[in-house]
Amino acid sequence: MTPHSPGTLYLLPTPIGEEGVEDYAPSTLRVLHGLRHFIVENARTARRWLRHLGHPLSPRQLEFYEMPKHADVPYDQLLTPCLQGIDMGVLSEAGMPTIADPADALVRTAHRLNVPVLPLCGPSAICSAIAASGLNGQNFHFVGYLPRESTQLIKTLKTLEHQSHRTSTAYYFMETPYRSLKLYHIALQHLRPHTLFYIAAALHTATPLIRCTTIQHWKSHAPPPLQRVPAIFGLWTPNS
């Protein structure tokens, strides 16, 4: 008996804002509409998004496999359909799976099991934020979430600023909606006046905030509307 060729594991971007469908390439929608098996963070929200994106099958006809909460849990069983020759899709809660998002352990498992992995085009807050920043696109580093505690946060921001000035690296980081405004105020208090500070908030919504200017300039204006808004920040202190 000839063994099955494994199915493909598609990484499917999830809409970040409510508009959703407009952010998808037609080729991505075609693949998504042809899949029946999905590995997801949350089955309830995945069903809602797939319905919103016009999946031709009803939620009852689809199979959902929720990712475990801990990365050290074996992922082999989640990929059983792929090992049987069936294509699967991976959906995060927002944006592209594995990019500041769960699923990296799942993708590593797929590579170990020789399951083909294919990312598809669509909305990614991080990619959009970097593209729109105007900071150094040839030398940048995404560092994820910064420390929550204020003293450590200040120390980390100053370290990133020093490294940016020394190497001309642009640094990007993110914050939860409830702490975005706090990070903004601490940055203004402790970064150098001529450091470029960037905010990309509420991306892929009807009212995005995308602004890059110096700390000195930020201080001369009213704070941006960051309360309870997901945001990506950047800083760059060019050495020339």
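The values are calculated or read from the model by the stated rules, or taken from the named source; none is laboratory data. All values reported here derive from a predicted model rather than from experimental measurement. With ideal geometry, Cβ positions are generated from the backbone for all residues, glycine too; neighbour counts draw on all protein chains shown.
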All positions within the stretch 145-169 that are over 21 Å from Arg211 (Cβ atoms) and part of a loop (DSSP other than H, G, I, E, B): Pro147, Arg148, Glu149, Ser168
Criterion (assigned to a strand (DSSP E or B), at pLDDT below 95 and outside the structural domain of Ala100 (by TED's automatic domain parsing)) met by exactly one of Ile232, Ile199: Ile232
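Name the residue, out of Gly89, Gly95, Gly85, Gly134, that is out of contact with any Ser or Thr (no Cβ under 7 Å at 6 or more places or on another chain) and at positive phi.
Gly134
I'd like to verify a number: residues in the stretch 132-168 that are among the polar types (S, T, N, Q), more than 22 Å from Ala94 (Cα to Cα) and in contact (Cβ under 8 Å) with a residue 40 or more places away in the chain, how many?
Initially, the stretch 132-168 is screened for residues among the polar types (S, T, N, Q), giving 133, 136, 138-139, 150-152, 156, 159, 163-164, 167-168.
Now drop any that are not more than 22 Å from Ala94 (Cα to Cα), which leaves 136, 138-139, 150-152, 156, 159, 163-164, 167-168.
Restricting the remaining residues to those that are in contact (Cβ under 8 Å) with a residue 40 or more places away in the chain gives 136, 164, 167-168.
Total satisfying the criteria: 4.
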Number of the exception - Tyr172 against (1) in a loop (DSSP other than H, G, I, E, B); (2) in contact (Cβ under 8 Å) with a residue 24 or more places away in the chain: (1)
Of the criteria (1) modelled with pLDDT of 95 or more; (2) more than 15 Å from Tyr172 (Cα to Cα); (3) crowded, with 16+ Cβ neighbours inside 10 Å; (4) not aliphatic (A, V, I, L, M), which one Gln216 fails: (3)
Top-ranked residue of the stretch 74-95 - restricted to ones that are β-branched (Val, Ile, Thr) and surrounded by fewer than 23 Cβ atoms within 10 Å (Cβ to Cβ), ranked as farthest from His111 (Cα to Cα): Ile86
Flag for His204 being surrounded by 16 or more Cβ atoms within 10 Å (Cβ to Cβ) and either over 16 Å from the mean Cα position of the chain (by Cα) or not in a helix (DSSP H, G or I) (or both): yes
Residue in the stretch 115-131 that is in the same structural domain as Pro193 (by TED's automatic domain parsing), within 23 Å of Pro193 (Cβ to Cβ) and buried (at least 18 other Cβ atoms within 10 Å of the Cβ) present: no
Unmet requirement for Thr176, which otherwise passes all of (1) among the polar types (S, T, N, Q); (2) crowded, with 18+ Cβ neighbours inside 10 Å; (3) modelled with pLDDT under 95: (2)
